[in-house]
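A.B. asks: Have a look at this one before I ask anything.
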Amino acid sequence: MLMFLCGIAFGVPAALAQVVNFETEIREKGFGRNESRERGVGSWRKGGTRIEIQDRKRYALVNGSRLYLGHSPSYEHGKFFVKKRDWDKRFSPIAAPPKTKSPRRIVIDPGHGGRDPGKINKRGMYEKTYVLDISKRVARILKARGYTVLLTRDGDTTLELPERPARANRWNADLFVSIHLNSASSSSARGIETFALTPVGETSTGDPGGNAKTQADDGNARDALNTLFAFKVHSALVAKTDAEDRGVKYANFAVLRPLKCPGILVECGFLTNASDTALVSTKNGRERIAVGIANGIEAYVRAVGSAPPAATRRR
């Protein structure tokens, strides 16, 4: 922390101090001036995108949704500073999405299955059963919109964790989405959270006091795209379901580490919460979840510069 502050106080270039002036960087991406009048709070807007950061808060707000960071921003001498890694891998891809080849081949991964039931709630709802149904709905919607879709499993079969990303890699997938349902010891925990792979040099969102990741995996080659993909799917899913927004987070999940394409893991609600269970337990609720995920996938496709493969009617 002392080195961090010294770099600011004595004018060390941001690249050397491994921090950047957030105002300078965000303005270069076409955002307006800081709209906030509150000390230690910054808010910038471009079109339909609004980004807000706060001094010492380890998350940003992007259009109201939490985007968790590797490190807390700092407000010093009237200026906001963020770690360069956070700028490169979180803020920059959302502020100005990079252009890539047109994603067309989508792998949907229903979590668990076979001998592994996943979470089981007091009503006897098996996670493996409901995520498979949601996944099949996502696949149907995407196929109708012109995408090519592969399910890692299409029945109640056991599939080990390493085989899931391996199938996506063998199939030369452009995008990978692993679909899950959550649980907690408290029945009040609810909502949707979306995970991207933890970047090297950082701790996972749920383990801020743990050891930082030291070794890069194949999936880390697409850290910036992973963030953009997670944000687009998360935002669309929350909007379609009106579920509690738990934010975009980072974890070192086994299904994300070996991927050779952008990939995310979506927790579509808590089986231990009454309102989330009410959504998941009905066909209409699962259809809303599926449409939200499909809409988010297409929002990502549009963001990286590719039009949807066919004209479609949004629901």
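The values are calculated or read from the model by the stated rules, or taken from the named source; none is laboratory data. Please read these numbers as outputs of a predicted model, since none were measured by experiment. Neighbour counts run over all protein chains shown; Cβ positions are idealised from the backbone, glycine included.
A.B. asks: Within the range 85-108, does at least one residue satisfy the condition of being free of Cβ contacts under 8 Å to residues at least 24 places away in the same chain and farther than 21 Å from GLY305 by Cβ?
C.D. replies: Yes, there is a match, as at least one residue in the range 85-108 is free of Cβ contacts under 8 Å to residues at least 24 places away in the same chain and farther than 21 Å from GLY305 by Cβ.
A.B. asks: Can we say LYS232 is part of a strand (DSSP E or B), within 25 Å of ALA168 (Cβ to Cβ) and touching a Phe, Trp or Tyr at 6+ places or on another chain (Cβ under 8 Å)?
C.D. replies: So LYS232 does not fit the description; no.
A.B. asks: So which pairs qualify, if the first residue must be in the range 144-157 and in contact (Cβ under 8 Å) with a residue 60 or more places away in the chain, the second must be among the hydroxyl-bearing types (Ser, Thr, Tyr), the Cβ gap must be under 9 Å, and the two must be at least 6 apart or on different chains?
C.D. replies: Note: pairs meeting the criteria are ALA144/THR312; ARG145/THR312; GLY146/THR312.
A.B. asks: Output the residue which, of all residues in the range 234-259 that are small (Gly, Ala, Ser) and under 12 Å from the mean Cα position of the chain (by Cα), is farthest from VAL177 (Cα to Cα).
C.D. replies: Restricting to residues being small (Gly, Ala, Ser) and under 12 Å from the mean Cα position of the chain (by Cα), the top hit is GLY247.
A.B. asks: Continuing with the same structure: Let me confirm something: among ARG190, ARG145, ARG153, ARG170, which residue is crowded, with 21+ Cβ neighbours inside 10 Å and basic (Lys, Arg)?
C.D. replies: ARG153
A.B. asks: Looking at this structure, is THR227 part of a loop (DSSP other than H, G, I, E, B) and either among the aromatic types (Phe, Trp, Tyr) or touching a Lys or Arg at 6+ places or on another chain (Cβ under 9 Å) (or both)?
C.D. replies: Here the answer is no, as THR227 does not meet what is asked.
A.B. asks: Where residues in the range 26-77 are of a type in the set (Asp, Glu) and either free of Cβ contacts under 8 Å to residues at least 24 places away in the same chain or touching a helix residue (DSSP H, G or I) at 6+ places or on another chain (Cβ under 6 Å) (or both), which of them is surrounded by the most Cβ atoms within 10 Å (Cβ to Cβ)?
C.D. replies: Taking the candidates together, the pick is GLU52.
A.B. asks: Any residue at all in the range 194-212 that's in a loop (DSSP other than H, G, I, E, B) and either of a type in the set (Lys, Arg) or outside the structural domain of PRO110 (by TED's automatic domain parsing) (or both)?
C.D. replies: no
A.B. asks: Oh, and also: Restricting attention to the range 89-102, which residues are at pLDDT 95 or above and either polar (S, T, N, Q) or under 13 Å from CYS261 (Cβ atoms) (or both)?
C.D. replies: Answer for the range 89-102, where residues must be at pLDDT 95 or above and either polar (S, T, N, Q) or under 13 Å from CYS261 (Cβ atoms) (or both): just SER92.
A.B. asks: Look through ALA168, ALA243 and report the one residue that is of a type outside the set (Ser, Thr, Tyr), touching a strand residue (DSSP E or B) at 6+ places or on another chain (Cβ under 6 Å) and farther than 29 Å from SER102 by Cβ.
C.D. replies: The conditions single out ALA243.
A.B. asks: Please verify whether the range 251-258 includes one or more residues that are of a type outside the set (Asp, Glu), part of a helix (DSSP H, G or I) and touching a Gly at 6+ places or on another chain (Cβ under 6 Å).
C.D. replies: No, the range 251-258 contains no residue that is of a type outside the set (Asp, Glu), part of a helix (DSSP H, G or I) and touching a Gly at 6+ places or on another chain (Cβ under 6 Å).
A.B. asks: Here's another thing I want to ask about it. Within the range 1-23, track down each residue that is surrounded by 12 or more Cβ atoms within 10 Å (Cβ to Cβ) and either modelled with pLDDT of 95 or more or assigned to a helix (DSSP H, G or I) (or both).
C.D. replies: PHE4, LEU5, GLY7, ILE8, ALA14, ALA17, VAL19, VAL20, ASN21, PHE22, GLU23 - these are the residues of the range 1-23 that are surrounded by 12 or more Cβ atoms within 10 Å (Cβ to Cβ) and either modelled with pLDDT of 95 or more or assigned to a helix (DSSP H, G or I) (or both).
A.B. asks: For the range 63-87, give me each residue that is in a strand (DSSP E or B) and in contact with a strand residue (DSSP E or B) (Cβ under 7 Å, 6 or more places away or on another chain).
C.D. replies: Within the range 63-87, SER65, ARG66, LEU67, TYR68, SER74, LYS79, PHE80, PHE81, VAL82, LYS83 qualify.
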